[in-house]
1. Compute, for the chain, the length of the dipole vector about the Cα centre, with Cβ point charges of +1 (Lys, Arg) and -1 (Asp, Glu) only. Units Debye, rounded to 20.
2. So how exposed is residue 179, as accessible area in Å² (1.4 Å probe, rounded to 10)?
3. Long-range amide H contacts for residue 47: which residues qualify at under 5 Å (H placed 1.01 Å from N, peptide plane, sequence gap of 5 or more or a different chain)?
4. In whole percent, and with a 1.4 Å probe on the protein chains, what portion of the accessible area of segment 31-190 is carbon and sulfur?
5. If the chain between residue 86 and residue 5 were fully stretched, how many nm would it gain, using 0.36 nm times the residue separation less the Cα-Cα distance?
6. Can you tell me the order of 142-154, 68-80, 45-57 when each peptide is scored by its average per-residue count of other Cβ atoms within 10 angstrom, highest first?
7. Report the net charge of residues surrounding residue 41, where surrounding means a beta-carbon distance below 12 angstrom and charges are Lys +1, Arg +1, Asp -1, Glu -1.
8. At 7 Å along Cα-to-Cβ for each site, give me the label-to-label distance between residue 93 and residue 175 in nm.
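The values are calculated or read from the model by the stated rules, or taken from the named source; none is laboratory data. Just so it is clear, the model here is predicted, and its values are computed rather than measured. Reconstructed Cβ throughout: ideal geometry from the backbone, glycine too, with neighbour counts over all protein chains shown. Accessible surface areas use protein heavy atoms only, side chains included; no ligands, DNA or RNA. Shrake-Rupley method; radii C 1.70, N 1.55, O 1.52, S 1.80 Å.
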Amino acid sequence: MAATLLPDAGSRLAALKARIYDGLDRLGDCPPNWVPALDGIDKDVVIIGAGQAGLAIGFALKREGVTNIAILDAQPAGQEGPWVTYGQMETLRSPKTLQGPELGLPALTFRAWHDAAYGEAAYDALGKIPTRLWMDYLLWYRDVADLPIRNDTQVTRIEPVAAGLRLSFDGKGDCNSLTTRKVVLATGMD
């Protein structure tokens, strides 16, 4: 049986987000970009894939002060990864207590999000995490991480250039290529 959102879930999630930002501030995380600009380079890192791994990698880079990044995903926003698209499983295979993309921040865990949205009793009653619920958590994670994600963008080519790598892509917007120092492939089974 699916849990019901708490009546005050919106304010509880906003308070949780504020707690995360306060914790990051106290840790000294998310410093300004420290990577020197390089002629001919648009982005220091491009992550291909805005699913669970791409979000965690992007947020980890941001926490280390590498902020001149882009995250590209071929799918529309909210359909990244297999959770609500081609995945066949109704629940995650892993236990609900397994660490995920929270990067050591207790307030960023699935449990903290679920407790704020549905209450502690609903978490206690939860067996394995339904995939739709996991996607809802990842969408909240995406909002909290505040990352530069460009959806509906299919990378078609990666080639070396003098300063790094050039990525060509099809997608919305008027720009169809960019150069980067590093590329991270976070495309799952792709």
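1. Taking the Cα centre of the chain as origin, the dipole is about 240 debye.
2. Approximately 20 Å² of residue 179 is accessible to the 1.4 Å probe.
3. Residues meeting the amide H criterion: 70, 71, 72, 184.
4. Values: 4370 of 8250 Å².
Ligands and nucleic acids excluded, carbon and sulfur give 53 percent.
5. Numbers: separation 81, 0.36 × 81 = 29.16 nm, distance 2.60 nm.
Residue separation times 0.36 nm, minus the Cα-Cα distance, leaves 26.6 nm.
6. 45-57, 68-80, 142-154
7. +1
8. Placing both labels 7 Å beyond Cα along the Cβ direction yields 3.8 nm.
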